[in-house]
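This report concerns only the one structure given below.
The values are calculated or read from the model by the stated rules, or taken from the named source; none is laboratory data. Bear in mind the structure is a predicted one, so any value in this text is a computation, not a measurement. In this analysis, Cβ positions are derived from the backbone assuming ideal geometry, glycine residues included, and neighbour counts consider all displayed protein chains.
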Amino acid sequence: MRIKELLSSRDFGADVEAKGWVRTKRGNKNIAFIALNDGSIIHNIQVVIEMEKFDEELVKKVTTGSCIAVTGKLVESPGKEQHVEIHAGSLKLYGTADPETYPLQKKGHTLEFLREIAHLRPRTNTFGAVLRIRHAMSFAIHKYFNDHGFYYLHTPIITGSDAEGAGEMFRVTTLDAKNPPLLEDGTIDYSEDFFGRQTNLTVSGQLEGELGAMALSNIYTFGPTFRAENSNTPRHLAEFWMIEPEMAFYEINDNMNLAEDFLKYLIRYALDNCRDDLVFLSEMYDKELIDRLNFIIDNHFERITYTRGIEILEQSGEKFEFSVSWGVDLQTEHERYLVEKHFKKPVIVTDYPKAIKAFYMKQNDDGKTVRGMDVLFPKIGEIIGGSQREEDLEKLNNRIKELKLPEKELWWYIDTRRFGSAPHSGFGLGFERLLLFVTGMGNIRDVIPFPRFPKNADF
Ligand code: 4AD
Ligand code: MG
């Protein structure tokens, strides 16, 4: 049995076995108390060792961080903190942890320090809680879509396209960096490369997702995405996970309704299924966490156009680091002002200037704006980015030409507008942005097991 089950068992007197890592050991020469954790739950089980029954040398080696198996009787605990404890009959030491060098000795390490020992930090309460919530959210995402008739589509990780047109991609190549084959003009000859062309890690599964939606109607992707943007912020990773649903016959309002329902479902799921971990994180880092989660469920998301958003920001009298005028991209400070100060609820902004959005967004009749939508959350800013897609072949082609995108390489994408085109929409939810919000953690590097960011790819 895992410690989670043992802790909820009331089968007093039963013979049980527990295996896990020692969080603390205390006691005296007659008795020792071991707090044991196996990651199944935030709480430890207490193991009571009567010293006279055990080899003293063995018990001495059981120190913080060591790994043990214990068998014994499950008994009702006299302690206030737990209902049950194990009175040990036998003890097996799997692995010692030298007290001189094991880095997780005392509580209260900084999150920065824990990032440097990311190989061990899953053994802390904080990361145990974060990783369990991360798991629960992944499961809930698949459950939501499965229950709503969406198919999970696996889009490629190595691609030849730049879906967002932002050009911030990691190259994938097997060419010799020192001595690559060259063309006559001195540029690299990618026809000699592994795929016979230039390739990169995907920045988004959307373009392939659209191909799926044009056959299966409703699909979603959920996979790793990669961006070589040099942003050292608490909200950016170079490798992050994204959930991207894509729906045929959805217009922008349907898209917004889905995004709102989906986010509320996930947050409700966390409240219903991750209580212990949320309570721990809220006590530890962020007293308002649970209120903030409930607040999302209880409120309608405000829906405004970009143009209205700019008006509000211009009239706010607020001093922003980045100044505001029609045409600029919204910065996190602007997004947070709209959400936290002005509307005091989540906001969906639509109809952005076409110049600041990707080529595939559906063009509005005004010739200036596109049918994009960003969902903005308290503390986070943009949590979702999406749009209705341009389904008109001619308009799409014109936009591709205007932006000088590699038209020839996008032939397969353009084909969907040539054969049985349909109105369709979709969005991308940044999984770690969601987790930042749900866990209340302050830095995105602390909601993924092994973060990738500029100058760091350890572990
Ligand atoms: O707004 P983005 O760039 O949109 C897309 O990639 C679209 N293709 C999505 C779609 O319509 N299918 O990214 C979507 C979301 C953002 O709202 C944000 O939550 C997250 O992905 N995101 C990042 N998360 C962590 N680190 C980064 N560097 C991120 N860049 C975007
Ligand atoms: Mg975006």
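Sub-7 Å Cβ pairs linking a first residue in region 379-391 that is under 26 Å from Phe437 (Cα atoms) to a second residue that is away from ligand 2 (no atom under 15 Å from the Cβ) and among the β-branched types (Val, Ile, Thr), at least 6 apart or interchain, are Gln388/Ile252, ordered by first then second residue.
Return yes or no: is Ile400 under 30 Å from Glu302 (Cα atoms) and crowded, with 19+ Cβ neighbours inside 10 Å?
Answer is no for this residue.
Checking Thr350 against (1) without any contact (Cβ under 8 Å) to a residue 60 or more places away in the chain; (2) in contact with a Ser or Thr (Cβ under 9 Å, 6 or more places away or on another chain), only one condition comes out false. Which one? So Thr350 meets the others, but not (1). Would region 193-203 turn up any residue that is within 16 Å of ligand 2 (Cβ to nearest atom), farther than 30 Å from Asp147 by Cβ and among the acidic types (Asp, Glu)? No, the conditions are met nowhere in region 193-203.
Identify, please: which residue in region 229-246 is assigned to a loop (DSSP other than H, G, I, E, B) and within 8 Å of ligand 1 (Cβ to nearest atom) and is, among those, nearest to Leu436 (Cα to Cα)?
Filtering first and then ranking leaves Arg235.
Restrict the check to region 241-257 and report whether at least one residue is closer than 22 Å to Pro449 by Cβ and either aromatic (Phe, Trp, Tyr) or out of contact with any strand residue (DSSP E or B) (no Cβ under 7 Å at 6 or more places or on another chain) (or both). Looking through region 241-257, at least one residue is closer than 22 Å to Pro449 by Cβ and either aromatic (Phe, Trp, Tyr) or out of contact with any strand residue (DSSP E or B) (no Cβ under 7 Å at 6 or more places or on another chain) (or both).
Selection of helices (runs of 4 or more DSSP H) fully inside region 268-349 by the criterion of at least 2 residues being in contact with a Cys (Cβ under 7 Å, 6 or more places away or on another chain) returns nothing. Among the residues making up region 374-397, a single one is away from ligand 1 (no atom under 15 Å from the Cβ) and buried (at least 17 other Cβ atoms within 10 Å of the Cβ): Leu396.
For region 363-402, the set of residues classified as part of a loop (DSSP other than H, G, I, E, B) and within 16 Å of ligand 2 (Cβ to nearest atom) consists of Ile380 only. The set of residues in region 235-266 being within 16 Å of ligand 2 (Cβ to nearest atom), under 17 Å from Asp374 (Cβ atoms) and hydrophobic (A, V, I, L, M, F, W, C) consists of Phe240, Met242, Ile243, Ile252, Met256, Ala259, Leu263.
Criterion applied to Arg303, Arg371, Arg336 was being within 15 Å of ligand 1 (Cβ to nearest atom), basic (Lys, Arg), modelled with pLDDT of 95 or more and out of contact with any Gly (no Cβ under 9 Å at 6 or more places or on another chain), and the one residue passing it is Arg371. Being of a type outside the set (Phe, Trp, Tyr), modelled with pLDDT of 95 or more, within 16 Å of ligand 2 (Cβ to nearest atom) and surrounded by fewer than 18 Cβ atoms within 10 Å (Cβ to Cβ) is true of Ile356.
Residues that are assigned to a strand (DSSP E or B), under 15 Å from Arg235 (Cα atoms) and within 16 Å of ligand 2 (Cβ to nearest atom) do not occur anywhere in region 432-442. If the condition is being closer than 30 Å to Leu281 by Cα and loosely packed, with under 13 Cβ neighbours inside 10 Å, then region 132-190 contributes His135, Phe139, Asn146, Asp147. Taking the residues in region 194-208 that are within 14 Å of Arg227 (Cβ to Cβ) and more than 17 Å from the chain's Cα centre (by Cα) as candidates, determine which candidate is farthest from ligand 1 (Cβ to nearest atom). Selected residue: Asn200. Every condition in (1) touching a Gly at 6+ places or on another chain (Cβ under 7 Å); (2) at pLDDT below 95; (3) not β-branched (Val, Ile, Thr) holds for Pro406 except the one numbered (1).
Of the residues making up region 35-62, just one is out of contact with any helix residue (DSSP H, G or I) (no Cβ under 7 Å at 6 or more places or on another chain), part of a loop (DSSP other than H, G, I, E, B) and among the aliphatic types (A, V, I, L, M), namely Val62. Exactly one residue out of His342, His424 is within 30 Å of Leu289 (Cβ to Cβ), modelled with pLDDT of 95 or more and more than 16 Å from ligand 2 (Cβ to nearest atom): that is His342. Search region 275-297 for residues that are in contact (Cβ under 8 Å) with a residue 24 or more places away in the chain and pair each with any residue that is among the hydroxyl-bearing types (Ser, Thr, Tyr) and surrounded by 17 or more Cβ atoms within 10 Å (Cβ to Cβ) when their beta-carbon atoms are under 7 Å apart and the residues are at least 6 apart or on different chains. Every condition considered, the pairs that remain are Leu281/Thr439; Met284/Thr126; Leu289/Ser282. Annotation note: of Arg115, Arg10, Arg26, Arg2, the sole residue that is touching a residue at least 40 places away in the same chain (Cβ under 8 Å), among the basic types (Lys, Arg) and within 27 Å of Tyr285 (Cβ to Cβ) is Arg115.
Please verify whether region 443-454 includes one or more residues that are in a loop (DSSP other than H, G, I, E, B), farther than 30 Å from Leu216 by Cβ and over 30 Å from the mean Cα position of the chain (by Cα).
no
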